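Reading through the structure tokens given below for one structure.
The values are calculated or read from the model by the stated rules, or taken from the named source; none is laboratory data. Just so you know, these numbers come straight off a predicted model, no measurement behind them. A quick note on method: Cβ atoms are made from the backbone with ideal geometry, for glycine too, and the neighbour counts reach across all protein chains shown. Heavy atoms of the whole protein, side chains included, go into the accessibility calculation; ligands, DNA and RNA do not. Shrake-Rupley method; radii C 1.70, N 1.55, O 1.52, S 1.80 Å.
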Amino acid sequence: MPHATPRKSLRRKNADLHGSAPDKSEVALILVDVINDLDFPEAKQLARFIPALADSIARLKRRAKAAGVPVIYVNDNFGRWRSDFRALIEHCRKGKGRSLIQKLCPEQDDYFVLKPKHSGFFSSTLETLLRYLRVRRLIITGIAGNFCVLFTANDAYMRDYELATPSDCVISNTAKENTEALQLMKRYLKADTRRSQRITFGKRERLR
């Protein structure tokens, strides 16, 4: 009869996704669809908001990295259906999304999750990664506030994560749609929607 492996040993063996997720943090920064070729009809509407978005997320990312907070790129494959993230980056670097790539290009120690639909949780490895990182609070940023960011935040809320969606780190096709999306997330998902400068990486602050 084979010797049974103790449950404690199994936990120890699988503690870091075989070395692929060594970080441990109660907070994670999520960047939704920022590796983007902006090759879709609504992109022209988004274009005017891109420079400010890229600057705000880049500043927040620098603060997160300095605080030891893991950064996770949760990205659509934009119809290319390849798991090679570097190839996707190079594709976007050559097109209309090059300004995003210049400011928000992933670093060696960042994580990447490929998503097939709007929500970062749907049919992806995001939930598994967050569990191994021991994350309890998500700071969600990216494109677009009223679609992929909203759907990802909604699924995170249903999984009992605490949420922040900084208002200057999320854009939608129009300012009105973005405001409505942020209001929905604040009211129904209990998200902290203050600007990124006021977002901290410690325990969640009580909202005013």
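So here's what we get for this one:
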{"item": "Out of 115, 65, sole residue that is closer than 26 Å to residue 26 by Cα, open to solvent by 10 Å² or more (accessible area, probe 1.4 Å) and modelled with pLDDT of 80 or more", "result": "65"}
{"item": "Failed criterion for residue 133 (all others in (1) within 25 Å of residue 44 (Cβ to Cβ); (2) in contact (Cβ under 8 Å) with a residue 12 or more places away in the chain hold)", "result": "(1)"}
{"item": "Some residue of the range 132-144 being polar (S, T, N, Q) and within 12 Å of the chain's Cα centre (by Cα)", "result": "yes"}
